[in-house]
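The values are calculated or read from the model by the stated rules, or taken from the named source; none is laboratory data. This one's a predicted model, so the numbers in the text were calculated from it and none came from an experiment. Glycine gets a Cβ as well: all are built from the backbone with ideal geometry, and neighbour counts include every protein chain shown.
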Amino acid sequence: MSLIKSISGIRGTIGGNEGDNLSCIDVVRFTSAYAQFLRNTYPEGKRLVVVGRDARVSGPMVSDLVCATLCGMGFDVVNIGMATTPTTELAVTGEGALGGIIITASHNPAQWNALKLLGPKGEFLDKAEGEEVLRIAASNEIEFSTWVELGHIEHNDTYDRRHIDAVLALPLVDVEAIRKANLRVAIDAVNSVGGNIMPRLLRALGVAEVIEINCEATGRFAHTPEPIPENLKMTAEVIKEKHADVGLVVDPDVDRLAIIMENGEMFVEEYTLVSVADYVLTHTPGNTVSNLSSSRALRDVTLKHQGCNYSAAAVGEVNVVAEMKRTGAVIGGEGNGGVIYPELHYGRDALVGAALFLSLLAKSGKKVSELKKQYPQYVITKDKIQLTLEMDIDAILARVKEKFAGEKVTDIDGVKIDFPDGWVHLRRSNTEPIIRIYSEAQSAERANELAANVKNQL
């Protein structure tokens, strides 16, 4: 059982003991601390917070606690019900709210849930703001409102439609090209909120046939929810059997998009951003950003476009967004299938990723497997080490830095070692009690070799 507090929010397993898991008491504590933070930070602002959730079985219970606590802190609530993370982000700005709470543990298994905290721009709190919320939660500074100041709850179910309409209105989303291409598109929504919105989006985009896989929003995930190859074997078989032109897979809160090719093979989640960025840069040249654990392929594709530059940020959406704003990037995201397109908003958004990719596919006249061949070919391998109480992570990372001091070492987020023919990145996870080990080279064998060389120093 776990409770993890990081830039990715307050995340834990449901039930168990207070402070060790995401118990009811912890939900109330961190929600009230967040409300107190908003009250302190924006004393003149409209006391309004948007709340949305994914389809997890624990979602209604957690949502009721969150909404009641916000009212107890004197905040009005716009409850948009089951909604994607990017939809909730858009709702914050749409309502002119001070912030938002997204109730989702993203790709984590069904026993997990989380509070993801947004500011008034519909963007995640930064590190300093998140730390202030945690400080308040540990203090005696939370002041609940009197009976005359209690907030009220309004339910609003219009934001799915507004989100779809906003995607359709983007100049680079070519509905006519998609319609003419007569595409058969499969969508696996892993039994969460994607099942409510992704088929609607695909039909609105002009997809000829939508093949729905695990689109009942029950919260009982048909497979491990993280959209990575080992979890998508059954989905790939269905895509082959149904003769789909492409398969799309989202995670439970729909901020990540994985693609499966017409032959049932993985496009690989890293190449979601690579392909979409190439399409965007072809029409609107500019800079790109991804995180340190993302493929070199984005760098290579970016530099192919004249006058365009690439930069890397620490892992975490808030860090990528900060770097995108600093560099004026026109497209960015994370290699886990997270596409951030500022033309719509600064948040990972599988809806905009899908719309841009289908526009690219339709206009290319190619199969997805043919598209894949035109991009730089890299292979990322992923490993992890379970954290234990006796582990000194700082000492481990310092040892690695010392051992590979002769290589290019980046330490803004764990330790990344760039070798001439690949890289290895070690970092503490923001969402699980593990050390992540990512490595990349032009073959899986070489990537594994580089990773093993580094792991031997741990």
Got at least one residue in the stretch 70-91 being without any contact (Cβ under 8 Å) to a residue 60 or more places away in the chain and in a strand (DSSP E or B)? no
Quick check on ASN263: is it touching a Cys at 6+ places or on another chain (Cβ under 9 Å), assigned to a loop (DSSP other than H, G, I, E, B) and either in the same structural domain as GLY335 (by TED's automatic domain parsing) or farther than 28 Å from ILE103 by Cβ (or both)? no
Please go through (1) part of a helix (DSSP H, G or I); (2) in contact (Cβ under 8 Å) with a residue 60 or more places away in the chain; (3) not hydrophobic (A, V, I, L, M, F, W, C) for THR302 and return the number of the only condition it doesn't satisfy. (2)
Quick one: how many residues across the stretch 42-69 are touching a residue at least 60 places away in the same chain (Cβ under 8 Å) and surrounded by fewer than 15 Cβ atoms within 10 Å (Cβ to Cβ)? 3
Single match in ASP157, ASP126 (criterion: within 21 Å of the chain's Cα centre (by Cα), touching a residue at least 40 places away in the same chain (Cβ under 8 Å) and farther than 21 Å from ASP20 by Cβ): ASP126
Residue in the stretch 307-349 that is nearest to PRO120 (Cα to Cα), counting only those that are crowded, with 24+ Cβ neighbours inside 10 Å and among the small types (Gly, Ala, Ser): GLY347
Quick one: would you say VAL78 is surrounded by 21 or more Cβ atoms within 10 Å (Cβ to Cβ), modelled with pLDDT of 95 or more and in contact with a Gly (Cβ under 6 Å, 6 or more places away or on another chain)? no
Between a residue in the stretch 415-436 that is part of a loop (DSSP other than H, G, I, E, B) and any residue that is modelled with pLDDT of 90 or more and of a type in the set (A, V, I, L, M, F, W, C), which pairs come within a Cβ distance under 6 Å, given they are 6 or more apart or on different chains? ASP421/ALA441
Would it be correct to say that ALA405 is among the small types (Gly, Ala, Ser) and modelled with pLDDT of 95 or more? no
Report every pair of residues separated by at least 6 positions or lying on different chains whose Cβ atoms are under 8 Å apart, first residue within the stretch 94-116 and surrounded by fewer than 24 Cβ atoms within 10 Å (Cβ to Cβ), second assigned to a strand (DSSP E or B) and among the polar types (S, T, N, Q). GLN111/THR13
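Taking the options VAL193, VAL207, VAL280, VAL250, name whichever one is of a type outside the set (Lys, Arg), touching a helix residue (DSSP H, G or I) at 6+ places or on another chain (Cβ under 6 Å) and modelled with pLDDT of 95 or more. Step through it out loud before you land on a result.
On the way: VAL193 fails: touching a helix residue (DSSP H, G or I) at 6+ places or on another chain (Cβ under 6 Å); VAL207 fails: touching a helix residue (DSSP H, G or I) at 6+ places or on another chain (Cβ under 6 Å); VAL280 fails: touching a helix residue (DSSP H, G or I) at 6+ places or on another chain (Cβ under 6 Å).
VAL250 is the lone residue from the list that is of a type outside the set (Lys, Arg), touching a helix residue (DSSP H, G or I) at 6+ places or on another chain (Cβ under 6 Å) and modelled with pLDDT of 95 or more.
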Given the conditions (1) surrounded by fewer than 20 Cβ atoms within 10 Å (Cβ to Cβ); (2) modelled with pLDDT under 95, which single one is not true for CYS24? (2)
If VAL320 satisfies every condition in (1) more than 25 Å from LYS416 (Cβ to Cβ); (2) assigned to a helix (DSSP H, G or I); (3) in contact (Cβ under 8 Å) with a residue 12 or more places away in the chain but one, which is the exception? (1)
The residue that is farthest from ALA189 (Cα to Cα), considering only those in the stretch 276-290 that are touching a strand residue (DSSP E or B) at 6+ places or on another chain (Cβ under 8 Å) and part of a helix (DSSP H, G or I), is LEU281
Filter the stretch 102-112 for residues that are under 15 Å from the mean Cα position of the chain (by Cα) and assigned to a strand (DSSP E or B); the one that is farthest from LEU22 (Cα to Cα) is ILE102
Residues of the stretch 361-414 being assigned to a loop (DSSP other than H, G, I, E, B) and hydroxyl-bearing (Ser, Thr, Tyr), in sequence order, are TYR375, TYR378, THR388
